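The structure appears right after this line, and notes come after that.
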Amino acid sequence: MHQLGYIVVTALVPKLSDNQQGLLYSAHDYAFHGQTADYVILMTYEWGYTYGPAMAVAPLDKVRQVLDYATQVIPAEHILMGVPNYGYDWTLPFAQGTAARSLSNIDAVTLAGQVKAGIQYDQTAQSPFFRYYDGDGRQHEVWFEDARSLRGKYSLVNEYGLAGVSFWNLNNLFRTNFIVLESMFSVEKVL
């Protein structure tokens, strides 16, 4: 691809070590991608995911663990930190095989207002969440991104000397994301 004048960008699942077990993890060789790709997008999200238990989509403590490992084997200036642009609504208690509902960050805040739920902020995950009961009496837990959580993630770009960020799911317009981003960086489109 380089011979044809193209930039090579790959996306990798969030790994914490070379020997991390699991189909997705063992198939992704961070060091190889760091040597051959121009940029590597690290999917530092999906800790809280559709078929898993309720938790932050991209908890800052987990994002740091991924970056701690990745910057040991990939030049930091080749890394684009993946940032989620969505949240999930889980029905509790979590049961294996059930699926959370994906929703935009704006829809999460709108839902909190509709169900009169107080939005809380988890200091470890650096992510907002809330709980509510639906019309059938089932409890739900919703995790999403806001200006505070995004600022925390974006601060890692300078701290680790990364090339920048990459977004998953730009289909959900979230102007707050761009306001925070532009308040912290001079934005340059790479691709």
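Things worth noting here:
- Highest-MSF residue in the chain out of Ala117, Ala125, Ala108 [GNM, Cα springs under 10 Å]: Ala117
- Magnitude of the charge dipole for segment 21-104, about its Cα centre and with charges confined to Cβ atoms of Lys, Arg (+1) and Asp, Glu (-1), is about 240 debye.
- Axis angle, to the nearest 10 degrees, between helix 175-184 and the longest C-alpha principal axis of the chain: 50 degrees.
- Between amide H atoms placed 1.01 Å from N, distances below 5 Å from Leu103 occur with Gly87, Tyr88, Asp89, all of them 5 or more places distant or on a separate chain.
- Accessible area of segment 63-129 belonging to carbon and sulfur atoms, whole % at 1.4 Å probe: 51
- Solvent-accessible heavy-atom area per residue, rounded to whole Å², over segment 1-105 at 1.4 Å: 49
- GNM top mover of Val66, Val115, Val165 - the chain, alpha-carbon springs below 10 Å: Val115
- Number of Lys-Lys pairs in the chain with C-alpha atoms under 26 Å apart and a separation of 8 or more places or on different chains: 4.
- Between 0 and 90°, nearest 10: helix 105-114 axis offset from the chain longest Cα axis: 10
- Solvent exposure of Val187, expressed as accessible area, is near 90 Å², computed with a probe of 1.4 Å over the protein chains only.
- Solvent exposure of segment 106-185 amounts to 55 Å² per residue of accessible area, where only protein heavy atoms count and the probe is 1.4 Å.
The values are calculated or read from the model by the stated rules, or taken from the named source; none is laboratory data. Remember, it's a predicted structure, so these values are computed and weren't measured experimentally. As a convention, Cβ positions derive from the backbone with ideal geometry for all residues, glycine included, and neighbour counts pool all protein chains shown. What goes into the accessible areas is simple: the full protein's heavy atoms, side chains included, and nothing from ligands, DNA or RNA. Shrake-Rupley method; radii C 1.70, N 1.55, O 1.52, S 1.80 Å.
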